[in-house]
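Participant: My structure is below; once you've seen it, I'll send some questions.
Read the figures in this text as sums done on the coordinates, not as results from a lab. Because the structure is predicted, anything quoted here is derived from the model rather than measured. Cβ atoms come from the backbone with ideal geometry, glycine included; neighbour counts cover every protein chain shown.
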Amino acid sequence: MTLEHRYCAIVEYDGSLFCGFQIQSKERTVQGEIEKCLNHITKRSIRVSAAGRTDTGVHATGQVIAFDLTWKHSLLDLHRAINANLPNDIVFNSLRQIAIPNFHPRFSAVSRSYQYHIVNQQWPSVLHRKYAYHIDKQLDINLMQQASQHLLGSHDFASFGKPPQGVNTVRRVIEAGWDFQDNKEIVFTITANAFLYRMVRKVVATLVQIGLGTIACDAIPEILEARDLNSSAPPAPACGLYLVKVTYPNGLL
């Protein structure tokens, strides 16, 4: 008799043509496509859980999912079968059995890392139009870097987002900073124990306004203190945002 096992995968996807990760009855979603694939392979109804419910248009290179299924062949055969049956805008970069029956990609995580890509040049980049935010005015990256350091530590981030559930808006930011990927593309990386809904996109948009000189470099503490969504900038476009890593205790993944 073949036993049911719990599996964990690191998933990459192009969010351009998805209405977010979470399954919806009438829209194309990442979860919906993965479950459709697993149902086709196993001839059973399989439900997956994920580390983060990314929004419409948001990409991932490090999304983590888990699911239970019965499989009588090798792990490699399962991995090949999944990738062969997924659409070409989703891929399982890794797949493993996990010997922790209560493992949950979201609730077992200790931190998550996102990156946000900006193309800062006069003209739009055709090849980056679905994968980065184009800003045609010159940004002061030094000011943006200085301002991002005010995000570090535990703060009430109510000015930058809403909780996905409950009322707690306090989050602990472990890493926040800007880097040049090439001469014209800049990347913001932020790691925290958890994030509010649209938090990263509103943080980026506010830092961009600082880089453009329309908000003072030292305004972040005042914005945090306000605990008012209207005190921060409207969210930056979803196309530039990527879920890149989810960290678990004891090097689980």
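Participant: Could you tell me what percent of the DSSP beta bridges with both partners in segment 111-248 are antiparallel, to the nearest 5?
Facilitator: Percent antiparallel among DSSP bridges in segment 111-248 is about 90.
Participant: Quick one: helix 30-42 against the long Cα principal axis of the chain, what's the angle to the nearest 10°, folded into 0 to 90?
Facilitator: 10 degrees
Participant: Normalised by the empirical 2.2 N^0.38 Å for globular proteins, what value does the Cα Rg of the chain take?
Facilitator: 1.08
Participant: Using the Cα centre as the reference, give the magnitude of the dipole from point charges on the C-beta atoms of the chain (Lys, Arg: +1; Asp, Glu: -1; all else neutral), rounded to the nearest 20 debye.
Facilitator: Using Cβ point charges on Lys, Arg, Asp and Glu, the chain gives about 860 debye.
Participant: Still on this structure, please answer the following. Counting only other residues whose beta carbon sits under 9 Å from that of THR61, what net charge do I get with K and R as +1, D and E as -1?
Facilitator: 0
Participant: Shape verdict for segment 146-253, please, from the Cα gyration tensor: rounded (a/c under 1.5), prolate (a/b greater than b/c) or oblate.
Facilitator: Since a/c reaches 1.5 but b/c is at least a/b, the shape of segment 146-253 is classed as oblate.
Participant: Here is a follow-up. Which of rounded, prolate or oblate describes segment 59-178 when judged by the alpha-carbon gyration tensor and an a/c cut-off of 1.5?
Facilitator: Here segment 59-178 falls in the oblate category.
Participant: Something else about it: Summing Lys, Arg as +1 and Asp, Glu as -1, what charge do residues with Cβ under 12 Å from the Cβ of TYR13 carry, TYR13 excluded?
Facilitator: Net of charged neighbours comes to -3.
Participant: What's the magnitude of the charge dipole for segment 111-248 around its Cα centre, counting Lys and Arg as +1 and Asp and Glu as -1 at the beta-carbon? Answer in Debye, nearest 20.
Facilitator: So the dipole magnitude of segment 111-248 works out to roughly 560 debye.
Participant: Another question about this same structure. Peptides 47-54, 95-102: what's the order by average Cβ count within 10 Å, highest mean first?
Facilitator: So the order, starting with the most tightly packed, is 47-54, 95-102.
Participant: Along the Cα-to-C-beta direction of ASP140, a point sits 7 Å from the Cα; which residues of segment 173-212 have their amide N less than 16 Å from that point?
Facilitator: 206-212
Participant: Checking the cross-link filter: which lysines have an alpha carbon closer than 27 Å to that of LYS184, excluding same-chain neighbours under 8 positions apart?
Facilitator: LYS130, LYS137, LYS202, LYS245
Participant: Take the chain, connect every pair of alpha-carbon atoms lying under 10 Å apart with a spring to form a Gaussian network, then pick out the residue of ASN85, ASN120, ASN142 with the largest mean-square fluctuation.
Facilitator: ASN142
Participant: Moving on. In whole Å, what are the Cα extents of segment 4-97 along the three principal axes, biggest one first?
Facilitator: 36, 25, 21
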